Structures are given as structure tokens and as C-alpha cells.
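Colleague: Let me give you the structure first, and then I'll get to my questions.
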Amino acid sequence: MTSTSDAPQDPWHDIRPYQDDEVATTLTRLAEDPELLSALTRYRLPRLSRMMPRLSRTLASWAIKRETRDVTSVTAFQQRIAAYMQRMLKTSTDDFRVDGLDRLDPDTAYLFIGNHRDISLDPAFVNYALYLAGRNTVRIAIGDNLLKKPYVTDLMRLNKSFIVPRSARGKRAMLQAYHKLSSYIRHSIQDDNHSIWMAQREGRAKDGIDRTDPAIIKMMTMAHRADNRHAPLGEGIEALRLVPVSISYEYDPCDVQKARELKAVSEDGSYNKSEFEDISSIVAGITGHKGRVHLRFGTPIDRSFDTPEAVAAEIDRQVLSGYHLFPSHHLALEALGSHPELVDLSEVSEADRDRFAQRLSEVPEDLRSWWLAQYANPVINCARSEPSS
């Protein structure tokens, strides 16, 4: 890791992604990390990890060293990830389509702000779309609540993630942390000309309702307002080149887990995650079947939106207008029996209906209403976002 002595020259050393000169030492550290090795062997070599844990960890360490022996830069690391991404798409995704990227300048950095359904896949699909178009990948905002293990932090920062503080205690500490984050975002867009992806709100939209938190907008423009507290907010937004992004999954591999959490919060007031639940969600999201996936890039938000609420409303408008509704969404709304006037079955085939029925049959009875709502809510919200005739 970067030493604290570097801090004056590198004010974001503790939150920014790793740089090329940090790749080799990080990979060496990962290849010897016992928690990572144990996690890998439990997933890839479950029987051997139980019977011969030391041997299984040795094999995992050797595999990491072999796979990364020629990796000396962040770009090279991401090229390895791209190969895995292609394999994942072939095995877990029926179709991946991208709209709107051709309207954005390939040589300009943007702050992509998108709806958030999957911990790792939302920005991964954005990166894959950029990679296929021959464009530079994004730096990814990730909450420090997901970085409870050192090896997770290393992996995320190798993959161009920067850290969003959520665990700072006290108002003063939070303000300082968010100001540093805001200045890093501005530095990335304006000085480095390097694009960023971040979610429109903290945490995934587990209920399928995509809505931007205006507090995110306030944070983004903190550094701009610190330079000139009288500057209009729209000026800072325009300088960040904010572009809303919509991602839609035909099926969510984590839908049952989300339904369980929604039910617990509704009935008990809270939900307590298990120790490795976020990691399990990442693995499930990557490996689980997603059906078709659609990604749409919007257009940059200009300075005419001059309050956090107005900017948030414009992001919501673009996210919902760009959201692709699959047969699974309309079939869920039909099954719930609410808003029958919004159900459109014109593109629903018998194969779609059979696939949906099979998925629903695997959902525990007490979770089905919560499961269905995740898919039905986008239909309702997209309809509400449409201008009245």
C-alpha cells in the first residue's frame, strides 16, 4: 500500500484505486492471503479444502501466481478480468445489449450515475460495454461497508475502485471524508479525464424502485462549492459531465435473498446480514443466470438543473425512460394482480411464461409477493415517469 508519507503529494492515497506501480506488490500480497485462499478453495475445491486445507490453499496460491505472472499494470489486470467477463456472459447471460454509448465522446470523461441492482455487475457491465467499444474503463465508487476484508479491498482497488466512506463516525468526520471524496471525483473527471461510475443512491434497490438520493448530488459538488460557495450548483454539475445510466436484468440471481431481506425489514423492522453475505451476493450475481441484460447510456446533464432535487429528478427521468422492461417484469405484475392496465403481454412468448413460472415455483411461498414486487415495480415506476398526454 502507499505509505502515509506520500499523502501530501497524493491526498487521496487511502481512497483512490491502485496505480500501476502498486500492482506487483498487491498481487504478491493476494497470493499469500490465507482468507482469500480459503475462500477460493471453498468455492472451487470444496472437497479438497475440507480434507486437505493446507494443500488446497497451496494450489490456490500457485494458481493466482500463474494467472497473474505477466500482470504488471492495472490495464493488464482488467484485461484478465475481461476474459472472465466474456466467459461469464456466455454461461449466465442470454443477451447483452447497449444503447446510447455512441452519442458520447470517446475522448471525454463522464461521471456515469446509474441505478443499482447488483453489487459488482452494474459497473462491470458498464466497463464491459466500454471495453468492447475500445474505450477506457471507469473508476468505480464502492462503499467501505463492503471492504471488511483486506483481500476484498485489494481486489476492488486493483479493479479501479475508489472508496466511499460510510463508516465514519461524527458529523465533522463525515464532512471531511465526503469533501475528500468530492475532490477526488472532480480530480478524476477534470484533471485525469478518467470516467467514474457510481450508484444513484446508497445500497441496491432491492425492491426494484430506482430513485436518486439528492444527498449524492450534494456530495459530488462539495469540492466545487468549497472553491466558490456562491457558484451555482448547476455549474458544478455541468463540469462533472453527469450521465445517467440504466441497467435492466431479465432475472436477478439475488432476487430470493432480496425478497427475504425485504420481508424481514417489513415484519421485524430490520435485517441482520451474515458475515459473508455481501461476498455471497457478489458470487451469486456473477455466476447466477440473468437472462437478457440491457444497458442504456443517457445524455449529459447541463447547468439548467440548479438544485440537488432537480438534478436527482432528471437522473430519475433518464434512468426510467432508458429502463428496458422484459417479459419477467410484466408477468410479475400480472401475477400480483395490481395495475392490470399496465400489463403488456404483447412480447411475452410461451417460453417466457414457462421460464417465469419455473423461477417462481422455486421461490418459497412466504417470499413470493416480495419476489414478484421486485420485478413488477419497474413497470409501475416507468409508467409514472412518462409525461401525461
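The values are calculated or read from the model by the stated rules, or taken from the named source; none is laboratory data. Quick caveat: nothing in here was measured; it's all calculated off a predicted structure. FYI the Cβ positions are ideal-geometry reconstructions off the backbone, even for glycines, and counts take in every protein chain you see. Heavy atoms of the whole protein, side chains included, go into the accessibility calculation; ligands, DNA and RNA do not. Shrake-Rupley method; radii C 1.70, N 1.55, O 1.52, S 1.80 Å.
Colleague: With all protein chains present, how much of the accessible area of the stretch 192-292 (probe radius 1.4 Å) comes from carbon and sulfur, to the nearest whole percent?
Modeller: 48
Colleague: Students sometimes get this wrong: rank 221, 108 by accessible area, probe 1.4 Å, all chains present, largest first.
Modeller: In descending accessible area the options line up as 108, 221.
Colleague: How large are Rg and Dmax for the chain when calculated on the C-alpha trace, in angstrom?
Modeller: 21.6, 68
Colleague: While we're here: Say the cut-off is 25 Å between C-alpha atoms; which of 148/180; 171/206; 65/160 go over it?
Modeller: In this structure, 171/206 exceed 25 Å between Cα atoms.
Colleague: Follow-up. Please report the Cα spread of the stretch 73-117 along all three principal axes, rounded to whole Å, starting with the longest.
Modeller: Largest first, the stretch 73-117 extends 31, 31, 21 Å along its Cα principal axes.
Colleague: Then there is this: So what's the stretch 234-282 giving for Rg/Rh, alpha carbon basis, Kirkwood Rh from the mean inverse pair distance?
Modeller: Numbers: Rg = 17.0 Å, Rh = 14.1 Å.
Using Cα coordinates only, the ratio equals 1.21.
Colleague: Along the charge dipole of the chain, Cβ charges K/R +1 and D/E -1, which of 215, 312, 71 sits furthest on the positive end?
Modeller: Towards the positive end, the residue furthest out is 71.
Colleague: Of all DSSP beta bridges in the chain, what percent run antiparallel (nearest 5)? Mind showing how you got there, number by number?
Modeller: Values: 5 of 25 bridges.
About 20 percent, rounded to the nearest 5.
Colleague: What is the sum of charges around residue 312, taking Lys and Arg as +1, Asp and Glu as -1, for the other residues whose C-beta is under 14 Å from the C-beta of residue 312?
Modeller: The answer is -3.
Colleague: Ordering 273, 290, 171, 206 by accessible area with a probe of 1.4 Å, largest first, what comes out?
Modeller: Working: 273 90, 290 0, 171 165, 206 35 Å².
Greatest to least solvent exposure: 171, 273, 206, 290.
Colleague: What value, in deg cm²/dmol to 500, does the helix sum -39500 (n - 2.57) over DSSP H runs of n ≥ 4 give at 222 nm once divided by the residues of the chain?
Modeller: The helix-only estimate for the chain comes to -15500 deg cm²/dmol at 222 nm.
Colleague: Between residue 238 and residue 321, how high is the FRET efficiency from 1/(1 + (r/R0)^6) when r is the Cβ-Cβ distance and R₀ = 22 Å? Nearest 0.05.
Modeller: On the way: r = 21 Å, r/R0 = 0.94.
With a Förster radius of 22 Å, E is 0.60.
Colleague: If you don't mind, another one. What number comes out for accessible area per residue over the chain if the probe is 1.4 Å? Units Å², please.
Modeller: Details: 19260 Å² over 389 residues.
The answer is 50 Å² per residue.
Colleague: Also, I was wondering about something else. Which log10 I(q)/I(0) values, to two decimals, does the stretch 98-137 give at q = 0.18 Å⁻¹ under the Debye formula with one point per Cα?
Modeller: Computed log10 I(q)/I(0) values: -0.51.
Colleague: Right, something else. Would you kindly derive the ³J(HN,Hα) couplings of the stretch 205-219 from the backbone phi angles with the Karplus curve 6.51 cos²θ - 1.76 cosθ + 1.60 (θ = phi - 60°), listing them in order in whole Hz, with x for Gly and Pro?
Modeller: Running phi through 6.51 cos²θ - 1.76 cosθ + 1.60 with θ = phi - 60° gives 7, 5, 8, x, 9, 8, 8, 7, 8, x, 4, 5, 5, 4, 4 Hz.
Colleague: Which value, in debye to the nearest 20, describes the size of the charge dipole of the chain about its Cα centre when Lys and Arg Cβ atoms bear +1, Asp and Glu Cβ atoms bear -1, and nothing else is charged?
Modeller: 1320
Colleague: Thinking of the stretch 136-236 as a set of Cα atoms, what percent of all their pairs are more than 19 Å apart?
Modeller: Of the Cα pairs, 49 percent sit more than 19 Å apart.
Colleague: For the stretch 256-379, what is Rg from Cα atoms divided by 2.2 N^0.38 Å, rounded to two decimals? Provide the component values of the computation, followed by the final result.
Modeller: Working: Rg = 17.4 Å, N = 124, 2.2 N^0.38 = 13.7 Å.
So the stretch 256-379 has a normalised radius of gyration of 1.27.
Colleague: Whole-Hz ³J(HN,Hα) for each residue in the stretch 352-367, computed from phi via Karplus 6.51 cos²θ - 1.76 cosθ + 1.60 with θ = phi - 60°, x for glycine and proline: what do you get?
Modeller: 4, 5, 5, 5, 5, 4, 5, 4, 5, 5, 8, 8, x, 3, 6, 9
Colleague: Moving to a separate point now. Dipole magnitude of the stretch 180-224 about its Cα centre, charges +1 at Lys/Arg Cβ and -1 at Asp/Glu Cβ only, in debye to the nearest 20?
Modeller: It works out to roughly 140 debye.
Colleague: While we're looking at this one, here's another question. Please work out the C-alpha center-to-center distance from the stretch 184-242 to the stretch 59-85 and express it in whole Å.
Modeller: Going from one Cα centre to the other spans 32 Å.
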